[in-house]
Each structure stands twice: as C-alpha cells, then as structure tokens.
Amino acid sequence: MERKKQLIVLSAPSGAGKTTLARHLLDVFPNFKFSISATTRLPRENEINGKDYYFLTEEEFLKIISENGFIEYENIFGNYYGTLKSEVEKHLSNGEIVVFDIDVKGALSIKKLYPESSFLIFISPPSLQVLKERLIARKTETPEQLKRRFERIEMEMAIKDQFDYILVNDDLEKAKKELVNLVQKITQ
C-alpha cells in the first residue's frame, strides 16, 4: 500500500484557477492546512499577513535565504516568493495534510525534497487563449506585466508533464469535483 500523501501541491499559470481550487479544497476538508508562502510583494486588497502570505521586506527574505530557511524560493517579476521550511516541517511532524498554491518550479522543488509525501497537481487552462482572456479580465496587471505573464506561461506549460496529475479547468464545478475525488484517493 502506497503511503498517503501529506503535501498536496497545486500549480498553474496565473489565471488558471489554482487559488480558487485550493480554497475549495480547504473548504471541503477543513482539517487540511494551507501552506502560507512568504513574499516581498505588497499585499493586494483584502490580503492578510499570516493568512494569505507572510509579507516580508526584501532584507528579511534575503536573510532567510542566507540561513537556508526556504524549501524553495524564486524571484518572479521582481518579487521573491518562497515556502518556509519551518512551516512545512511543523505540519509534517503534526501529521497534517497541507495544501500548497505555488508556482511550477516551487512545486518541483517540493517533489524533489519530499518525494514520498508530496503529490503535484498541475491546473491547466482549457487553452492559452482562454487563459489570456481571464488574465486580461482580472484587470490586476499593467500591459507590461501581462506581457511578462504571457511569456512565463509558455515555460509553465512546457513542464506540466513532470507533475503527478494534470487537471484541466475548463468548467470550474467539474474541476472542483475532480480535484476533491483525486485528493480523497491520495490522502485516505
């Protein structure tokens, strides 16, 4: 019998729905914990420090890097994002199931460090065109930021086959059901 997975890692290009799906998992499974990433970017409206992210200064972030305190980190569009080792170790030692909402490179880093405990799910958009339309409709980025996101999407889509499962989010309700069924199988 394969060991149950404790680290459920959702990754996707921006706008594919990973945050919506991660929140859905946490609603359906209230005993699951959310892995709160650290970032140097400024909070968006309604984001709360310690709940959505740990908002750090660049100086604080670089100090944690120098202390080897991250499982993974990356500079994306001028801001650092990372997963604190201390957070993940705490959840694992407590036997808790943790949901991650992180970028693709971070997901692969977790798989490398915790191959037995992690399960990587790539949330794929139905098409690149739909994804671009979603990002434009969000109205959260400048045209220059959108251009950089579109360039990054190609890299993200190119490595999706390294994930344990690819979930196509073409219908949100269907994707939610598929995700819940999958997570029940790998965590029970």
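Using a simple spin-label model with pseudo-atoms 7 Å out from Cα toward Cβ, Asp161 and Thr19 lie 3.1 nm apart. Please work out the Cα center distance from region 126-145 to region 154-175, rounded to the nearest Å. Between the Cα centres of region 126-145 and region 154-175 lies a distance of 17 Å. For region 77-142, the list of chymotrypsin sites (Phe, Trp or Tyr not before Pro) that fall in a loop by DSSP and count at most 16 other C-beta atoms within 10 angstrom reads Phe77. Label-to-label distance for Asn46 and Asp170 is 2.9 nm, based on points extended 7 Å past Cα in the beta-carbon direction.
Computed over the chain, relative contact order equals 33 percent, with contacts defined as Cα pairs under 8 Å that lie 6+ residues apart.
Length gained on full extension, Asn75 to Arg138: 20.4 nm, using 0.36 nm per residue less the C-alpha separation. Calculated [222 nm] ellipticity per residue, helices only, for the chain: -13500 deg cm²/dmol; basis is -39500 (n - 2.57) per DSSP H run with n ≥ 4, divided by all residues, nearest 500. Between Asn181 and Glu116, the FRET efficiency from the beta-carbon distance, with R0 = 22 Å, is close to 0.50. Of all aspartates and glutamates in the structure, those lying under 14 Å Cα to Cα from Lys85, and not within fewer than 8 positions of it along the same chain, are Glu67, Glu72.
Taking a ≥ b ≥ c as the square roots of the eigenvalues of the alpha carbon gyration tensor, the chain is oblate, as a/c is not under 1.5 and a/b does not beat b/c. For Glu96 and Ile65, a Förster radius of 25 Å and the Cβ-Cβ distance give a FRET efficiency of 0.45, rounded to the nearest 0.05.
FYI, it's all coordinate maths here, none of it is from the lab. Everything quoted here is computed from the prediction, not taken from an experiment. Using ideal geometry, Cβ is built from the backbone for each residue, glycine included, and neighbour counts are taken over all protein chains shown.
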